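Reading through the structure tokens given below for one structure.
No lab work stands behind these numbers, since they all come straight from the coordinates. On a predicted model such as this, the values are computed, not experimentally measured, just so you know. Using ideal geometry, Cβ is built from the backbone for each residue, glycine included, and neighbour counts are taken over all protein chains shown.
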Amino acid sequence: MARAPREYVGDAVCPCCKHTVPVKQQANGYAILVCNWCDSKLQTFSAKGDALLRGAMTPVAATPAAPAAPPPRPPNPAQPAVRPGLGGLLEGLGL
Ligand SMILES: [Zn+2]
């Protein structure tokens, strides 16, 4: 059975080749760094090691906030917002 993909949590410098590589979170919650440049792996097995690796990485930027709602449109002075009586169909009929 295939394991679930690991969650990307940040970037860190590989201690072996000094390339910046992604840091992911293992299923046990601890961080792991796998370097595809030099084929090395830095895997943490405790809260202490996890804290050290996470402290050395640049965390993923928080998801950007949703854009603010656009400002309300000003009324169009050339066209009245509300037309009386059936959308203005009865205008001029003298009813
Ligand atoms: Zn490396």
Fill in: Failed item in (1) loosely packed, with under 14 Cβ neighbours inside 10 Å; (2) more than 16 Å from the ligand (Cβ to nearest atom), with residue 38 passing the rest
(2)
Worksheet item: Name the residues in the stretch 7-32 that are free of Cβ contacts under 8 Å to residues at least 24 places away in the same chain and assigned to a strand (DSSP E or B), would you?
Response: 7, 20, 21, 22, 24, 25
Discussion item. Suppose we filter 61, 27, 31, 47 for residues that are closer than 10 Å to residue 10 by Cα and exposed (fewer than 11 other Cβ atoms within 10 Å of the Cβ); which single one remains?
Written reply: 61
